[in-house]
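All remarks here apply to the structure that follows.
The values are calculated or read from the model by the stated rules, or taken from the named source; none is laboratory data. Here the structure is a predicted model, which means the values were calculated and not measured. Neighbour counts are summed over all protein chains in view; Cβ atoms, including those assigned to glycine, are modelled from backbone coordinates with ideal geometry.
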Amino acid sequence: MRIRREILHVAGFRIWQRQLNKSAAVANRVIRAIESRMESEGIDLVVRPSISVKRLAWCTGIDFCIPVDVRTDAEVRMLAGLAKQLLKGETTLSREFPAYEYGRAGWLAEAEMRKQDRQQSADESAP
């Protein structure tokens with residue numbers, strides 16, 4: 001009895017695909033467990049405003065970590081103005097955001113909003 005090579009290959013792929021799906025399901029369970037623990041316990045990290053400036057051949061690159069929501073053109077202009085003032089040394093992050101830090105208390109206070117955002121995203125992606 002002779003079995004064609006293509007059939008063996010397809011059967012092997014199906015077995016491999018099932019194993020991959022099982023691995024993905026296990027990984028998703030682990031990720032969900034970590035997320036729920038982080039939601040209840042919070043994070044052990046404090047984030048403060050920071051700026052990183054890189055001089056490139058064609059521009060000056062700026063990476064911000066600041067507590068600002070940018071949703072409109074006016075807010076983009078405000079952010080660009082702040083960047084310009086920081087680069088010129090006219091202001092500092094400690095002057096603009098005095099004593100601001102984001103840590104466990106802020107994380108726990110936003111936990112419900114994150115949960116609602118995830119639920120809303122799941123509802124929108126459902127057929």
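A single member of ALA105, ALA99, ALA122 is out of contact with any strand residue (DSSP E or B) (no Cβ under 7 Å at 6 or more places or on another chain), among the aliphatic types (A, V, I, L, M) and not in a helix (DSSP H, G or I), and it is ALA99.
Among residues of the stretch 90-127 being within 18 Å of the chain's Cα centre (by Cα) and basic (Lys, Arg), the one that is modelled with the highest pLDDT is ARG104. When you look at ARG55, is it loosely packed, with under 11 Cβ neighbours inside 10 Å and modelled with pLDDT of 85 or more, yes or no? Yes. Just one of the listed residues (GLY89, GLY61, GLY42) is surrounded by 10 or more Cβ atoms within 10 Å (Cβ to Cβ) and out of contact with any helix residue (DSSP H, G or I) (no Cβ under 9 Å at 6 or more places or on another chain), and it is GLY61.
Just checking, does the stretch 75-96 include any residue being outside any helix (DSSP H, G or I) and either among the aromatic types (Phe, Trp, Tyr) or under 28 Å from GLY42 (Cα atoms) (or both)? No: the stretch 75-96 contains no residue that is outside any helix (DSSP H, G or I) and either among the aromatic types (Phe, Trp, Tyr) or under 28 Å from GLY42 (Cα atoms) (or both).
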